[in-house]
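The values are calculated or read from the model by the stated rules, or taken from the named source; none is laboratory data. Remember, it's a predicted structure, so these values are computed and weren't measured experimentally. We place every Cβ from the backbone using ideal geometry, glycine too, and count neighbours over all the protein chains shown. Please note that ligands, DNA and RNA were not included when accessible areas were found on the heavy atoms of the full protein model with its side chains. Shrake-Rupley method; radii C 1.70, N 1.55, O 1.52, S 1.80 Å.
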Amino acid sequence: MYDFDPKKDYYKVLGVAEGASEEEIKKAYRKAAMKHHPDKGGDVEKFKELNEANMVVGDKQKRAQYDNVRKWGGGGFGGGGGQWGWGFGGFWGQGGGFQVDFGSGGFGGFGDLGDIIEQMMGWGGFSQRPRKGDDVKLQLTINFEEGYHGIEKQFEYTIHNQEGQYLKPEKKTITVKVPAGIEDGQFIRYTGMGNGGIHGGPEGDLYVRVNIGKHKVWQRSGDNIVVKINVDVFALILGGTLMVDHPDAQVELKIPKGTQPQDVLRVKGKGFGKGGFFDKKGDLLVHLIVKMPERMTSAQEKLWKELQKSYK
């Protein structure tokens, strides 16, 4: 008894030629498995068939046996490969095969089913060694203001728990607490919230990558908030007061007389951070963009010329 069906064309199932390299088979399997994964709306039976094909032609020794059986029949293998000790019929069962989280609900990432199965199986059957469940990685996108203030976001994701010889998908809901001042690209870790352990092993962890969207007005530089403001030349020469938008509320900015166009004005303590003795807050940095008059009346031009003469 073979642990594969010689009548099935596993190469055709994977969409590769019989002489395909190991890398070509691996790439074809990953692409097809992602397309047909049940969590992504794919066909369960097609997904099982892909897994079966990968288990055979994706393994160098099983592939050699499969190729020889297809070419010469079973006579050259002593009555047919019973030494393998298990067959696909009992392995896949009637309810579906191994389920792997390809991307955890659309937040990115890709699990290699073949690698997982190799770790779980010994030469004569399944390894009973406890193994930690795989980690799950998700991505959460928030806006600039949410990154400044902090926020709680609830969403659903998929994990897989061992049930007998299968990995059964399970939906979980989590409330992610994003702390105030978190930086773009940082991860928040939740211990034990990933995929279930194998043979009594501990659960994997959940990692949530926080992405902060760009803002049309504000930028972040370290713990500082950077903003650019258009002002006229009179504000620099004579001084004045401006109201500047800020994630908390508008901030009053005083422009000293004689401020230069390249100067950056600083409002202390209006950046990221909690404040207090042990957690210094960043600042609000205001770059003044000078807007010169494009047109002048003859009277205005005369005044500018008189002003120019007064500086000589």
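Quick look at the values:
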{"read-out": "Conditions (1) touching a residue at least 60 places away in the same chain (Cβ under 8 Å); (2) surrounded by fewer than 16 Cβ atoms within 10 Å (Cβ to Cβ); (3) small (Gly, Ala, Ser); (4) at positive phi: number failed by GLY192", "value": "(1)"}
{"read-out": "Residues of region 1-35 classified as among the acidic types (Asp, Glu) and open to solvent by less than 50 Å² (accessible area, probe 1.4 Å), total", "value": "1"}
{"read-out": "Flag if LYS171 is open to solvent by 70 Å² or more (accessible area, probe 1.4 Å), assigned to a strand (DSSP E or B), on the phi < 0 side of the Ramachandran plot and modelled with pLDDT of 90 or more", "value": "yes"}
{"read-out": "In region 133-168, residue most open to solvent (accessible area, probe 1.4 Å) [restricted to those that are farther than 15 Å from ARG209 by Cβ, hydroxyl-bearing (Ser, Thr, Tyr) and part of a strand (DSSP E or B)]", "value": "TYR166"}
{"read-out": "Of the criteria (1) at pLDDT 75 or above; (2) surrounded by fewer than 18 Cβ atoms within 10 Å (Cβ to Cβ); (3) within 30 Å of GLY273 (Cα to Cα), which one PRO130 fails", "value": "(3)"}
{"read-out": "Answer from LEU265, LEU307, LEU238, LEU284 - the residue that is modelled with pLDDT under 85 and either β-branched (Val, Ile, Thr) or surrounded by 10 or more Cβ atoms within 10 Å (Cβ to Cβ) (or both)", "value": "LEU307"}
{"read-out": "Any pair with Cβ under 7 angstrom, 6 or more apart, that starts in region 130-149 at a residue that is of a type in the set (S, T, N, Q) and ends at one that is surrounded by fewer than 21 Cβ atoms within 10 Å (Cβ to Cβ)", "value": "GLN139/PHE107; GLN139/GLY108; GLN139/ARG209; GLN139/ASN211; THR141/ASN211; THR141/GLY213; ASN143/GLY213"}
{"read-out": "Matching residues in region 11-64 - criterion: being touching an Asp or Glu at 6+ places or on another chain (Cβ under 7 Å) and of a type in the set (Phe, Trp, Tyr)", "value": "TYR11"}
{"read-out": "Single residue of VAL217, VAL178, VAL210 found to be out of contact with any helix residue (DSSP H, G or I) (no Cβ under 8 Å at 6 or more places or on another chain), modelled with pLDDT of 90 or more, surrounded by 12 or more Cβ atoms within 10 Å (Cβ to Cβ) and under 22 Å from HIS246 (Cβ atoms)", "value": "VAL217"}
{"read-out": "Close pairs (7 angstrom Cβ cut-off, 6 or more residues apart or separate chains): closer than 24 Å to ILE229 by Cβ in region 291-312, polar (S, T, N, Q) anywhere", "value": "LYS291/ASN230"}
{"read-out": "Residue in region 148-160 that is among the polar types (S, T, N, Q) and touching a helix residue (DSSP H, G or I) at 6+ places or on another chain (Cβ under 9 Å) present", "value": "yes"}
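The rows are residues; the columns are (1) outside any helix (DSSP H, G or I); (2) under 23 Å from the mean Cα position of the chain (by Cα); (3) over 18 Å from LYS71 (Cβ atoms).
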site: PRO6; (1), (2), (3): yes, no, no
site: LYS12; (1), (2), (3): no, no, no
site: GLY19; (1), (2), (3): yes, no, no
site: LYS27; (1), (2), (3): no, yes, yes
site: GLU45; (1), (2), (3): no, no, yes
site: GLU49; (1), (2), (3): no, no, yes
site: ASN54; (1), (2), (3): no, no, yes
